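Working notes, beginning with the structure itself.
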There are 2 protein chains.
Amino acid sequence: MNGSAIKSDFIEPSSEGHVRRQRRKMQRVTMMDVAKRAGVSSSTVSLYLRRPEAVSPMAGQEIAQAIEALGYVPNLVAGGLAAAGSRVVSVIVPSIRNAFFAETVATLQTELAAEGLQVMLGHSEYSEEDEEALIRTALAWAPAAIVLTGLRHSKAARHLLASASVPVVEMWELGAQAPIDMAVGFCHTAVGATAARHFAQQGFTQLAFLGARLLQDSRAATRAEGFAVEALRLGLPEPQILNHPAPATAEAGAQLLGRVQASLPKLQAVACSNDLVALGVLFECQRRGIAVPGDLAVMGFGDLSFSSTSNPPLTTIRPSGDLIGREVARLIKACTKGNRPPGADRIVDTGHLLVERKSA
Amino acid sequence: MNGSAIKSDFIEPSSEGHVRRQRRKMQRVTMMDVAKRAGVSSSTVSLYLRRPEAVSPMAGQEIAQAIEALGYVPNLVAGGLAAAGSRVVSVIVPSIRNAFFAETVATLQTELAAEGLQVMLGHSEYSEEDEEALIRTALAWAPAAIVLTGLRHSKAARHLLASASVPVVEMWELGAQAPIDMAVGFCHTAVGATAARHFAQQGFTQLAFLGARLLQDSRAATRAEGFAVEALRLGLPEPQILNHPAPATAEAGAQLLGRVQASLPKLQAVACSNDLVALGVLFECQRRGIAVPGDLAVMGFGDLSFSSTSNPPLTTIRPSGDLIGREVARLIKACTKGNRPPGADRIVDTGHLLVERKSA
DNA sequence: CTGAAAGCGCTAACAC
DNA sequence: GTGTTAGCGCTTTCAG
């Protein structure tokens with residue numbers, strides 16, 4: 001229990017290691033070991049690690065050396081227990097395969113890491129039930145914060161979270177209802193409306209919305225609804241909303257275009273729930289000899305990396321996934337530092353931006 | 001920035017909670033509370049949680065009820081400390097924005113979650129130095145396993161890992177050197193060779209490799225090298241390798257095509273480091289009126305979701321990111337269950353698959 | 001500025 | 001089967 005692990009003077013490739021570890025506790029280098037070697041108490045080491053300036057320079061020097069010599073790695077698990085709160089941030093997204101969330105999670109992770117916060121990742125796969133289970137597990141880690149996607153959660157989940165008194169940030173959606181605690185995102189109804197308005201301004205009247213997994217992805221469904229409602233409000237005929245049951249891919253987009261062409265031959269413009277879907281539409285239009293934007297205007301959502309380079313370049317709506325990540329990180333950092341943002345600042349609207357290119 | 005979309009006059013939970021929590025420990029429901037209410041000892045509760053069948057049905061019933069009534073959420077941090085090893089798996093990838101890794105991480109997370117293992121995510125951004133820091137932090141969590149991308153790591157990182165006696169899985173690369181512990185992936189040299197061979201078989205002699213961030217992404221560089229070496233071996237002229245400093249995007253592909261067209265007018269076939277790059281090439285070819293595969297054959301890498309639908313459908317090489325995720329999970333599960341795979345089984349080759357479509 | 005002491009909530013022998 | 005007893009490695013008062 002008190003040995004120094006560094007006795008093996010060089011790499012000891014752990015062939016035995018695992019077994020040993022499983023049977024008996026590893027003789028890990030502890031803070032106590034460092035303290036002894038530095039000739040101080042473990043609480044001084046602890047203090048040094050947290051606020052080096054609060055320790056005398058001499059002791060600090062000694063400690064630093066001991067840490068180096070012993071190859072000490074602090075045990076955050078023990079630290080978390082003692083401090084009654086770990087430096088973990090649990091992030092739950094529908095799927096990291098989705099480029100939107102990948103972008104946000106990437107930014108979030110980088111920002112949080114700079115603050116010594118770890119990201120624990122979970123996938124709800126668009127299931128409230130799975131999400132609830134994930135939240136339950138997340139809570140078991142006494143996380144510094146929990147980040148959820150969207151405002152829709154099971155009742156039990158909301159209850160769990162509300163009574164856990166842990167900072168919660170809901171992201172990628174605003175407006176549908178009041179957040180549990182904090183929220184960073186934008187209004188999807190407004191996104192749909194922006195698309196409808198853009199089409200209306202260009203004089204199109206025959207519109208459609210092409211979406212994938214609309215039954216699961218409530219945010220995409222909200223965009224579709226916002227699109228339809230705004231079109232109606234502008235006096236246009238009701239746009240048709242087509243849904244593909246598979247995840248949002250170019251393949252789905254291509255198929256949807258086929259379907260909508262069959263049912264609405266006079267179609268003038270389509271808004272897609274995702275740039276990938278729009279890309280598939282573009283591909284299928286090329287195959288069918290439909291000129292974009294001449295015969296058909298196409299609008300995407302997401303402004304993914306390929307959207308500026310496609311033929312034609314895709315007009316789309318940018319949600320700023322990285323900005324969301326950055327703002328979520330900001331909120332969380334504030335909370336862990338003890339200055340929880342006041343009321344209104346707990347909701348940040350990242351808005352959306354119409355990126356006009358050539359496809360619409 | 002902070003337009004408060006909804007003033008949360010609704011749920012107002014935890015406004016005090018955080019403060020209280022930070023100042024004094026929360027009076028969290030503990031296992032002891034459950035035990036008392038169920039009229040048993042806490043170790044019985046602990047046992048029940050781990051192996052319900054080892055507890056008498058009556059006691060089990062009582063405990064289950066108490067847990068329910070109290071809304072008990074086990075504290076995994078405490079559990080991890082006591083058990084000298086947390087149920088965390090630290091996964092470090094260059095970037096989750098990259099669809100390859102997103103796919104693998106998604107699969108991995110789902111598989112691991114089923115076993116009660118949590119994924120902690122880190123991004124190295126293709127920097128060995130950042131990776132090392134990430135590994136150091138990961139180790140601080142006494143993780144059940146660490147998953148790294150590729151076989152290249154700083155010396156210090158390798159040392160850290162080897163002396164930590166924690167299962168390590170390196171993924172997405174095989175063959176460059178011996179893994180630290182376990183590895184799941186495929187040989188990138190072979191991928192490059194497959195591409196070269198495919199072109200050679202079709203009689204092309206003027207080849208090029210278009211890559212992005214080749215200086216950072218050593219695996220992509222290895223594919224490029226494998227491509228060139230195989231071409232040479234087959235008696236073809238040395239392929240030119242072009243590199244774009246930005247991340248792999250369609251934009252980069254489009255620009256690379258421009259460059260390679262200028263320098264190699266007789267070019268017959270290009271292999272790309274990534275399907276996104278290939279997509280950009282396809283787009284640019286359309287713009288320039290270059291027929292694919294008529295005037296130029298294009299091959300991608302990754303088999304991303306759009307590749308089957310593009311114009312023309314992209315011939316590419318599929319690395320099976322999800323299979324990698326599944327195999328990594330399998331290895332880790334075996335380790336946590338105490339049956340560490342023997343020697344040869346610690347390396348699994350997931351291979352690669354040439355997906356012949358129309359672009360080459 | 002430093003050290004001693006008291007846990008954090010749970011697991012894991014080991015008795016009973 | 002179930003309870004008792006020790007800690008896991010660290011943070012955090014609280015004295016000195």
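The values are calculated or read from the model by the stated rules, or taken from the named source; none is laboratory data. Everything quoted here is computed from the prediction, not taken from an experiment. Here the Cβ is made from the backbone with ideal geometry for all residues, glycine too, and neighbour counts use every protein chain on show.
Conditions tested, residue by residue: (1) under 19 Å from B:Asp217 (Cβ atoms); (2) more than 16 Å from DNA strand C (Cβ to nearest atom); (3) touching a residue at least 24 places away in the same chain (Cβ under 8 Å); (4) within 10 Å of chain A (Cβ to nearest Cβ).
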position: B:Ala133; (1), (2), (3), (4): no, yes, no, yes
position: B:Leu139; (1), (2), (3), (4): no, yes, yes, yes
position: B:Gly185; (1), (2), (3), (4): yes, yes, yes, no
position: B:Ala200; (1), (2), (3), (4): no, yes, yes, no
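Which of the residues belonging to the range B:34-45 are assigned to a helix (DSSP H, G or I) and surrounded by fewer than 18 Cβ atoms within 10 Å (Cβ to Cβ)?
B:Lys36, B:Ser42, B:Ser43
Here's the yes/no breakdown for (1) within 19 Å of the chain's Cα centre (by Cα); (2) under 30 Å from B:Gln268 (Cα atoms); (3) basic (Lys, Arg):
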{"position": "B:Ile146", "(1), (2), (3)": "yes, no, no"}
{"position": "B:Ser165", "(1), (2), (3)": "no, no, no"}
{"position": "B:Glu173", "(1), (2), (3)": "yes, yes, no"}
{"position": "B:Ala183", "(1), (2), (3)": "yes, no, no"}
{"position": "B:Phe186", "(1), (2), (3)": "yes, yes, no"}
{"position": "B:Ala195", "(1), (2), (3)": "no, yes, no"}
{"position": "B:Phe199", "(1), (2), (3)": "no, yes, no"}
- Item | Listing of strands (runs of 3 or more DSSP E) fully contained in the range A:311-360 that carry 2 or more residues being surrounded by fewer than 19 Cβ atoms within 10 Å (Cβ to Cβ) | A:353-355
- Task: Report yes if B:Val40 is out of contact with any Ser or Thr (no Cβ under 8 Å at 6 or more places or on another chain), within 8 Å of chain A (Cβ to nearest Cβ) and within 16 Å of DNA strand C (Cβ to nearest atom), otherwise no.
- Result: no
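Would you check if there is a residue in the range A:226-239 being under 16 Å from A:Leu257 (Cα atoms) and either in the same structural domain as A:Ala271 (by TED's automatic domain parsing) or part of a helix (DSSP H, G or I) (or both)? Break it down into steps so the answer makes sense when it comes.
Residues of the range A:226-239 that are under 16 Å from A:Leu257 (Cα atoms), as a first pass: A:239.
Retained after the next criterion (residues that are either in the same structural domain as A:Ala271 (by TED's automatic domain parsing) or part of a helix (DSSP H, G or I) (or both)): A:239.
Yes, because at least one residue in the range A:226-239 is under 16 Å from A:Leu257 (Cα atoms) and either in the same structural domain as A:Ala271 (by TED's automatic domain parsing) or part of a helix (DSSP H, G or I) (or both).
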- Query: B:Ser86 fails exactly one of the following numbered conditions: (1) within 11 Å of DNA strand C (Cβ to nearest atom); (2) facing chain A (nearest Cβ under 10 Å); (3) at pLDDT 95 or above. What is the number of that condition?
  - Reply: (3)
- Item | Out of A:Thr205, A:Thr189, sole residue that is more than 14 Å from every other protein chain (Cβ to nearest Cβ) and either touching a residue at least 40 places away in the same chain (Cβ under 8 Å) or in a loop (DSSP other than H, G, I, E, B) (or both) | A:Thr205
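Out of curiosity, is B:Ala334 small (Gly, Ala, Ser), out of contact with any Asp or Glu (no Cβ under 7 Å at 6 or more places or on another chain) and over 29 Å from B:Ala178 (Cα atoms)? Walk me through it before giving the result.
On the way: small (Gly, Ala, Ser): yes; out of contact with any Asp or Glu (no Cβ under 7 Å at 6 or more places or on another chain): yes; over 29 Å from B:Ala178 (Cα atoms): no.
No: the conditions fail for B:Ala334.
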- Item | Residue count for the range B:49-81, restricted to those that are more than 9 Å from chain A (Cβ to nearest Cβ) and within 9 Å of DNA strand C (Cβ to nearest atom) | 3
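Criterion first (among the aliphatic types (A, V, I, L, M), under 27 Å from B:Leu161 (Cα atoms) and at pLDDT 95 or above) does A:Val45 satisfy it?
On the way: among the aliphatic types (A, V, I, L, M): yes; under 27 Å from B:Leu161 (Cα atoms): yes; at pLDDT 95 or above: yes.
Answer is yes for this residue.
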- Of the residues in the range A:140-159, those that are among the aliphatic types (A, V, I, L, M) and surrounded by fewer than 21 Cβ atoms within 10 Å (Cβ to Cβ) come to A:Ala140, A:Ala156
- Pairs returned, first residue in the range B:337-360 that is at positive phi, second residue that is surrounded by 15 or more Cβ atoms within 10 Å (Cβ to Cβ), beta-carbon separation under 8 angstrom, 6 or more apart or interchain, are B:Gly338/A:Gln22; B:Gly351/B:Phe186; B:Gly351/B:Ser320
- Query: Can you tell me which residues in the range A:47-57 are within 15 Å of DNA strand D (Cβ to nearest atom), assigned to a helix (DSSP H, G or I) and either over 28 Å from B:Gln118 (Cβ atoms) or in contact (Cβ under 8 Å) with a residue 40 or more places away in the chain (or both)?
  - Reply: A:Leu47, A:Tyr48, A:Pro52, A:Ala54
- Query: Given (1) free of Cβ contacts under 8 Å to residues at least 60 places away in the same chain; (2) away from DNA strand D (no atom under 14 Å from the Cβ); (3) at the interface with chain A (Cβ under 9 Å from one of its Cβ atoms); (4) assigned to a loop (DSSP other than H, G, I, E, B), where does B:Val29 come up short, assuming only one miss?
  - Reply: (3)
- Note on the structure: Within the range A:252-294, the residues that are assigned to a helix (DSSP H, G or I), buried (at least 24 other Cβ atoms within 10 Å of the Cβ) and not hydrophobic (A, V, I, L, M, F, W, C) are A:Gly253, A:Asp275, A:Gly280
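Among the residues of the range A:208-219 satisfying the criterion of being closer than 21 Å to A:Gln268 by Cα and of a type in the set (A, V, I, L, M), which is nearest to the other protein chains (Cβ to nearest Cβ)? Walk me through it before giving the result.
At the first step, the residues of the range A:208-219 found to be closer than 21 Å to A:Gln268 by Cα are A:208-212.
Now drop any that are not of a type in the set (A, V, I, L, M), which leaves A:208, A:210, A:212.
Working: A:Ala208: 19, A:Leu210: 14, A:Ala212: 11 Å.
Looking at the filtered set, the residue picked out is A:Ala212.
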